[in-house]
Amino acid sequence: MKLERLSERVWYYPFEQERDRPNLGYIKGDNWSLAIDAGHSAAHTEEFYKALQGEGLPLPALTVLTHWHWDHTFAMHAVSGLCIANSRTNQYILDIRGRLLKEGPEFFLNMHESIRNEYRDNKEVIVTPADMVFDGELMLDLGSCPVRLFQAESPHTDDSTLIHIIDEKVLFIGDSNGGVFPTGEKNRELCEKLAATISSIDADICLEGHWTPDTPKGIVEDILS
């Protein structure tokens, strides 16, 4: 799988259905780079980094999490640089780490076949918390590349972080437009709130966690359908 380019400063490593691996984002500033989501496991992150190196891009100095779910976060121990999460995301990560330490990985592996596919051959499940925690909103300047990280209400989880690469007019929304796991049910009020949030952002490209790029209008129409 190869890295895909969205704009002058923005790329993504595409999703994979078999192991439920999400899109991993990458933004290159003049001073440092930012990844979006850590990945499902160390193997996932290693593939992503090989793709970056193949394009001559530096490994990320920072990685921001879109929400706490394992396919986006359980490779945090393997990332380059530091991880950023909102405080609610970080608490969920601490909670599941505590449960794994107490009960072992069986309950996690039994949650879905995609997890067993990712962790086949007795791969170790390692969970670490974020290095940096924020609430509400955080502005970063990667060097001539301002990026806004902000929490948003969504039907998928109550800890969603959206990432707006302002000058590139690109918006990463993670899995925020999806339903709750594992039923896929969507709360209509939360769908409407997320749709309003996305509509308010000045972006030309919108990338969700497990699908191909779309326009914000297309994403909003899908959320409200």
Please verify whether the stretch 153-166 includes one or more residues that are touching a residue at least 24 places away in the same chain (Cβ under 8 Å), touching a His at 6+ places or on another chain (Cβ under 8 Å) and assigned to a strand (DSSP E or B). yes
Condition check: of a type outside the set (Val, Ile, Thr), modelled with pLDDT of 95 or more and touching a helix residue (DSSP H, G or I) at 6+ places or on another chain (Cβ under 6 Å). Does ASP37 satisfy that? yes
Residues being closer than 26 Å to SER33 by Cβ and either polar (S, T, N, Q) or over 20 Å from the mean Cα position of the chain (by Cα) (or both) - total across the stretch 83-113: 4
Residue pairs qualifying under the 8 Å Cβ cut-off, at least six apart or on distinct chains, with the first in the stretch 92-107 being under 17 Å from VAL133 (Cβ atoms) and the second being surrounded by 15 or more Cβ atoms within 10 Å (Cβ to Cβ) and small (Gly, Ala, Ser), are ILE93/ALA85; ILE93/ALA130
What about LYS186, is it of a type outside the set (A, V, I, L, M, F, W, C), in contact with an Asp or Glu (Cβ under 9 Å, 6 or more places away or on another chain) and surrounded by fewer than 20 Cβ atoms within 10 Å (Cβ to Cβ)? no
Considering only residues that are surrounded by fewer than 19 Cβ atoms within 10 Å (Cβ to Cβ) and either touching a Phe, Trp or Tyr at 6+ places or on another chain (Cβ under 9 Å) or in contact (Cβ under 8 Å) with a residue 12 or more places away in the chain (or both), look in the stretch 30-50 and name the one that is farthest from PRO105 (Cα to Cα). ASP30
Inside the stretch 197-225, can you point out the residues that are small (Gly, Ala, Ser) and loosely packed, with under 14 Cβ neighbours inside 10 Å? SER199, SER200, GLY218, SER225
Which one of the conditions (1) closer than 22 Å to SER33 by Cα; (2) over 18 Å from the mean Cα position of the chain (by Cα) does ALA195 fail to meet, given that it meets all the rest? (1)
Can you tell me which residues in the stretch 76-104 are more than 30 Å from PHE150 (Cα to Cα) and either charged (D, E, K, R) or surrounded by 15 or more Cβ atoms within 10 Å (Cβ to Cβ) (or both)? LYS102, GLU103
Which fully enclosed helices (runs of 4 or more DSSP H) of the stretch 1-117 have 2 or more residues being over 22 Å from LEU162 (Cα atoms)? 42-54, 87-103, 106-109
Where a residue in the stretch 202-220 is assigned to a strand (DSSP E or B) and its partner, wherever it lies, is basic (Lys, Arg) and at pLDDT 95 or above, with Cβ under 8 Å and at least six apart: ILE205/LYS169
If a residue has to be touching an Asp or Glu at 6+ places or on another chain (Cβ under 7 Å) and of a type in the set (Gly, Ala, Ser) to count, how many in the stretch 39-55 make the cut? 1
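The values are calculated or read from the model by the stated rules, or taken from the named source; none is laboratory data. What you see is a predicted model; the values in this text were computed from it and never measured. Every residue, glycine among them, receives a Cβ derived from its backbone with ideal geometry; neighbour counts consider all protein chains shown.
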